[in-house]
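Each remark here refers to the structure printed beneath this line.
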Amino acid sequence: MFKKALLAVVLAGITATSFAEMTTSVQSDSFSGEGGADSTLAGVSPLEFDMFDSSLGTLTGAYISYSLGVNGGLIGADNMSNEETSGIGSLGAEMLLKEMSGMNFFKEGTYDSVFEKLTRVENTTFNLAADPTMSVGGEGDDIQQFNGTSGIVDSNGFISLNTSLLSQFIGNAGDTFTVDFDTTSVTTVSVTGAQGFFQPVNLDVTMNLYYTYDEVSENAEANDAPAPLGFAALGLALAGFGMRRKKK
């Protein structure tokens, strides 16, 4: 019974090394502007994020989420004929993110891109009265306008990235990477005999990122170095126990 107790005590000292799972704060970067913005073009900056600082510990996960917010904008149709007419229109925007060259953002367990196109488009119908003057403008029933409303589409929460590719996120304090975005403004008006007019929507492109990692605890750091000695101590302890038994 004593031998088992001694063994348990010694092994406890040897296996005391432990890791504390940690989570970094969430990084967020965004762009606000008119629909149609493209970060690969001059004057528009890509989204920027910090790489994982390797001095913190061992990276175990990377998680991202992204969203497209749309608000405002308008589309309209002005009948230019002396006959009633009708048609349809669409207002909104589309957005697609793209990682910088040399990086691959794949979903966990797959090689499918984590970035999917987000689309937020409102559709409407125009029913226009005849315009005897066949002129532009006015306030009669021969002209109609549709104003966009606010709305957000997103990635449905945080998505885990492929853990076999985590090394691409590891760097030193101050190292960064970028993510490009390409947006398309949707302002279509299709009404026979009418002239369309529009104003692009305003949009907000946002991406969030956080990391998980193992941090060696202070107790673990104290126990890491003497680990081999621990096994030697185990041998000596058991040997000492054997000698005591023999003397009896």
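What follows is calculated from the coordinates using simple rules that are stated; it is not laboratory data. Bear in mind the structure is a predicted one, so any value in this text is a computation, not a measurement. Note: ideal-geometry Cβ built from the backbone for every residue, glycine included; neighbour counts use all protein chains shown.
Would you mind ranking 59, 97, 165 by Cβ crowding within 10 Å, fewest neighbours first?
165, 59, 97
Please work out whether segment 17-216 counts as rounded, prolate or oblate from its C-alpha gyration tensor, where a ≥ b ≥ c are the square roots of the eigenvalues and a/c under 1.5 means rounded, while otherwise a/b larger than b/c means prolate and anything else oblate?
prolate
Treat every Asp and Glu Cβ in segment 17-216 as -1 and every Lys and Arg Cβ as +1, leave all other atoms uncharged, and give the resulting dipole magnitude about the Cα centre to the nearest 20 debye.
In total the dipole reaches around 260 debye.
Work through the residues other than residue 204 whose Cβ is under 12 Å from its Cβ and net out their charges, Lys, Arg +1 and Asp, Glu -1.
Within the 12 Å Cβ shell, the charges total -2.
Roughly what would the spin-label model give for residue 29 and residue 82, points 7 Å off Cα along C-beta, in nm?
6.0 nm
In the neighborhood of residue 116, defined by Cβ-to-Cβ distances under 14 Å, what is the net charge if each Lys or Arg adds +1 and each Asp or Glu adds -1?
-1
Name the long-range amide H neighbours of residue 131: under 5 Å, sequence gap of 5 or more, or other chain; modelled H, no Pro or chain starts.
Counting only residues 5 or more places away or on other chains, the set is 81, 82, 83.
Which ³J(HN,Hα) values in Hz, rounded to whole numbers, follow from the phi angles of segment 168-175 under the Karplus curve 6.51 cos²θ - 1.76 cosθ + 1.60, where θ = phi - 60° and Gly and Pro get x?
So the J values, rounded to whole Hz, are 5, 9, 8, x, 10, 4, x, 6.
Expressed in nm², what is the orientationally averaged projection area of the convex hull enclosing the Cα positions of segment 109-225?
Result: 13.2 nm².
So, counting K/R as plus one and D/E as minus one, what does the shell of residues with Cβ under 12 Å around residue 48 add up to?
Overall, the nearby charge balance is -4.
Out of 74, 93, 57, whose Cα points farthest toward the positive end of the dipole of segment 38-118 (charges: +1 Lys, Arg; -1 Asp, Glu; placed on Cβ)?
Highest projection toward the positive end goes to 57.
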